[in-house]
Amino acid sequence: MLYEIRMGSILEKLINNGFEGFVSVKDLKEDFKSGGIPKVEGVYHVLRLKDSEPEFLTKGLGGYHKGKEPNVSIDVLRQNWIDAEPIVYIGKATELYKRIQQYIKFGSGKNVGHFGGRYIWQLADSDDLVVCWKCVEDSRRVEAAMIAEFKKNHNGKRPFANLQD
């Protein structure tokens, strides 16, 4: 029950803060164009809206970027995980449509230019994750502020799949 209340308040906060979309990764993989993602600058979140403990995959669904191994050890994933936190990744884009499309393609095993946030593809339920976005100017600054705020509220930890500030 407490998780449901927390989840509802986070979704409400995101909506009230101008986020929209809330489309599952599975739906984006099946028909990306139907997601309604705008072709403008913005920031986006990847959310895990489940109360259960995550199951981590030794070999995730992510593709390779410039020949780099996208997978990390289960121990690294566990160290980065934040219990009961639905925001698992915060990203930025000069064009939301293209950037999120790259991210989804990477999670489908394609070799594309989106190596950041790759830890989510080692979640067994990655298709159930939800993507939402907000159109903003200066997405780099907005993303940095969002990550800083997240860290302030989580004892200095970044979202699960954010590997840098």
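Summary table below
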{"item": "Among the candidates Ala124, Ala84, Ala93, Ala161, residue that is within 20 Å of Ser34 (Cβ to Cβ), among the small types (Gly, Ala, Ser) and in contact (Cβ under 8 Å) with a residue 40 or more places away in the chain", "result": "Ala93"}
{"item": "Pairs where the first residue, in segment 128-147, is in a loop (DSSP other than H, G, I, E, B) and the second is open to solvent by 20 Å² or more (accessible area, probe 1.4 Å) and of a type outside the set (Lys, Arg), C-beta under 6 Å, 6+ apart", "result": "Val136/Val142"}
{"item": "Residues of segment 64-80 satisfying the condition of being surrounded by 17 or more Cβ atoms within 10 Å (Cβ to Cβ) and assigned to a loop (DSSP other than H, G, I, E, B)", "result": "Pro70, Asn71, Val72"}
{"item": "Residue check, Asp138 open to solvent by less than 50 Å² (accessible area, probe 1.4 Å), acidic (Asp, Glu) and at pLDDT 95 or above", "result": "no"}
{"item": "Number of positions in segment 81-97 that are at pLDDT 95 or above and open to solvent by 90 Å² or more (accessible area, probe 1.4 Å)", "result": "1"}
{"item": "Segment 42-63, residues that are aliphatic (A, V, I, L, M) and either open to solvent by 80 Å² or more (accessible area, probe 1.4 Å) or more than 15 Å from Glu143 (Cβ to Cβ) (or both)", "result": "Leu47, Leu49, Leu57, Leu61"}
{"item": "Residues satisfying the stated conditions in segment 30-63, i.e. assigned to a helix (DSSP H, G or I) and among the polar types (S, T, N, Q)", "result": "Ser34"}
{"item": "Enumeration of residues in segment 96-121 that are farther than 24 Å from Glu149 by Cα and either under 12 Å from the mean Cα position of the chain (by Cα) or without any contact (Cβ under 8 Å) to a residue 60 or more places away in the chain (or both)", "result": "Lys98, Gln102, Ile104, Lys105, Phe106, Gly107, Gly109, Lys110, Asn111, Val112, Gly113, Trp121"}
{"item": "Test: residue in segment 45-53 that is modelled with pLDDT of 95 or more, closer than 15 Å to Ile90 by Cα and touching a Gly at 6+ places or on another chain (Cβ under 8 Å)", "result": "yes"}
{"item": "Breaking point among (1) farther than 19 Å from Pro159 by Cβ; (2) polar (S, T, N, Q); (3) in contact with a strand residue (DSSP E or B) (Cβ under 8 Å, 6 or more places away or on another chain), for Thr58", "result": "(3)"}
{"item": "Flag for Arg78 being among the basic types (Lys, Arg) and either within 16 Å of the chain's Cα centre (by Cα) or modelled with pLDDT of 90 or more (or both)", "result": "yes"}
{"item": "Criterion: open to solvent by 50 Å² or more (accessible area, probe 1.4 Å), closer than 22 Å to Leu77 by Cα, at pLDDT below 95 and not aliphatic (A, V, I, L, M) - qualifying residue of Lys105, Lys157", "result": "Lys105"}
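Yes/no matrix, rows are residues, columns are (1) within 30 Å of Glu137 (Cβ to Cβ); (2) β-branched (Val, Ile, Thr):
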site	(1), (2)
Val40	yes, yes
Glu69	no, no
Gln79	no, no
Glu95	yes, no
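The values are calculated or read from the model by the stated rules, or taken from the named source; none is laboratory data. What you see is a predicted model; the values in this text were computed from it and never measured. Neighbour counts are summed over all protein chains in view; Cβ atoms, including those assigned to glycine, are modelled from backbone coordinates with ideal geometry. Ligands, DNA and RNA are stripped out before the accessible areas are found, and what is left, the full protein with its side chains, is counted by its heavy atoms. Shrake-Rupley method; radii C 1.70, N 1.55, O 1.52, S 1.80 Å.
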